[in-house]
Structures are given as structure tokens and as C-alpha cells.
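Working notes for the structure below.
The values are calculated or read from the model by the stated rules, or taken from the named source; none is laboratory data. The shown structure was predicted, so the numbers you read here are calculated from the model rather than taken from an experiment. All Cβ positions, even for glycine, are placed from backbone atoms using ideal geometry, and neighbour counts span all protein chains on display.
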């Protein structure tokens, strides 16, 4: 099965020659990715990778990129964090319809991971909620890749936080 996902990276000062980057990426097996270089110092790779499961697809792509660009820092794997408009577009409905679902099911709709001027959810949470209720036919590969993207992003943040000083007991209460 083909899995579609994007890996976004921050590049080092040494990795600014895009032609050389593309060649190195192709040489390590990333020839199934579209390369995006819109923002200086950033790289986005949209993969359409064939694998037996989404986890294998994402893990192999991460390993291929690490081999080609060992100093690049993973920013995120998508699709993961989404607003209502993004979620609606991904599942093939209007933003208004998605908002109606959220408002009509306020007590069961997944809680956002960030609420402010921009509200964000993990796409996997919204898709799982929709699947549980039989709302819309969702592509199994989309559900699977959104779950893996969330897991990789959460694990990446856990590793980042593990490098920070820990809180003193009693200072942070949940």
C-alpha cells in the first residue's frame, strides 16, 4: 500500500546546496519524495512510499533522510497537528460541516492540544472519533499514517524535553 506523509526538517548552514541535497536524498532511497524548499533553512519531503504498514513507511523514510542529511533536525511529521479547516479538507468535507460536528458533539469531540487564536488537534484523534461514530468513510492508510505521525512527533518532543532540566518535586502539579 502507498502511504503519503511529509517530513519537515531544519537544515544546517552546511546543507544549503539544494541540488547536492536532492542528489544525496535520491542516493539514499528518497526518490519517492517531492522536495520542497520554500522557507530558507527548511526542507519538506512529501513521500508517497510503498510499504506493508505506515510505521514501516515512515521509519524507512526517516532512516533514509538521516543517512543523507545526518545533521538535519526533524521538525515534524505530517499529517498530525491540524485546525478544523485542515481536518475538514483532509477528510473531504467543508469546514462548516466539521465545525457543526464539533459543536453538536462538544462533550465527545476530541479536546484540542492547543487552544488560542489558532486551535489545533491531533488529526489521529479526530479521525478515531469519526471512525468510532461511523461518520464518513475514512481511508485506512490516512488513519494509519496520522497515528504514526502523531507518535513520532510526540516521541521527538519527549526526547527534546528529556534534555531539559527536570522540575523539582512539588513545583509542577497536574
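Tell me whether segment 145-157 contains one or more residues that are under 19 Å from residue 1 (Cβ atoms) and assigned by TED's automatic domain parsing to the domain that holds residue 8. No: zero hits. Determine, yes or no, whether residue 161 is without any contact (Cβ under 8 Å) to a residue 60 or more places away in the chain, outside the structural domain of residue 60 (by TED's automatic domain parsing) and within 14 Å of residue 84 (Cβ to Cβ). Considered against the rule, which asks whether it is without any contact (Cβ under 8 Å) to a residue 60 or more places away in the chain, outside the structural domain of residue 60 (by TED's automatic domain parsing) and within 14 Å of residue 84 (Cβ to Cβ), residue 161 comes out as no. Of all residues in segment 1-17, those that are exposed (fewer than 15 other Cβ atoms within 10 Å of the Cβ) and under 23 Å from the mean Cα position of the chain (by Cα) total 4.
The lone criterion from (1) free of Cβ contacts under 8 Å to residues at least 12 places away in the same chain; (2) touching a helix residue (DSSP H, G or I) at 6+ places or on another chain (Cβ under 9 Å) left unmet by residue 76 is number (1). Scan segment 94-122 for residues that are crowded, with 17+ Cβ neighbours inside 10 Å, in a loop (DSSP other than H, G, I, E, B) and touching a strand residue (DSSP E or B) at 6+ places or on another chain (Cβ under 8 Å) and the total you get is 2. Restricting to segment 123-142, what's the tally of residues that are assigned to a helix (DSSP H, G or I) and either crowded, with 19+ Cβ neighbours inside 10 Å or modelled with pLDDT under 95 (or both)? Of the residues in segment 123-142, 12 are assigned to a helix (DSSP H, G or I) and either crowded, with 19+ Cβ neighbours inside 10 Å or modelled with pLDDT under 95 (or both). Of all residues in segment 42-53, those that are over 15 Å from residue 25 (Cα atoms) have Cβ atoms under 8 Å from Cβ atoms of residues that are assigned to a strand (DSSP E or B), 6 or more apart or on another chain, in 50/2; 50/3; 51/3. In segment 130-148, the residues that are farther than 21 Å from residue 102 by Cα form Cβ pairs under 6 Å with partners that are modelled with pLDDT of 90 or more and outside any loop (DSSP other than H, G, I, E, B), at six or more places apart or across chains, as follows: 141/3; 144/54; 145/3; 145/5; 145/54; 148/54; 148/55; 148/58.
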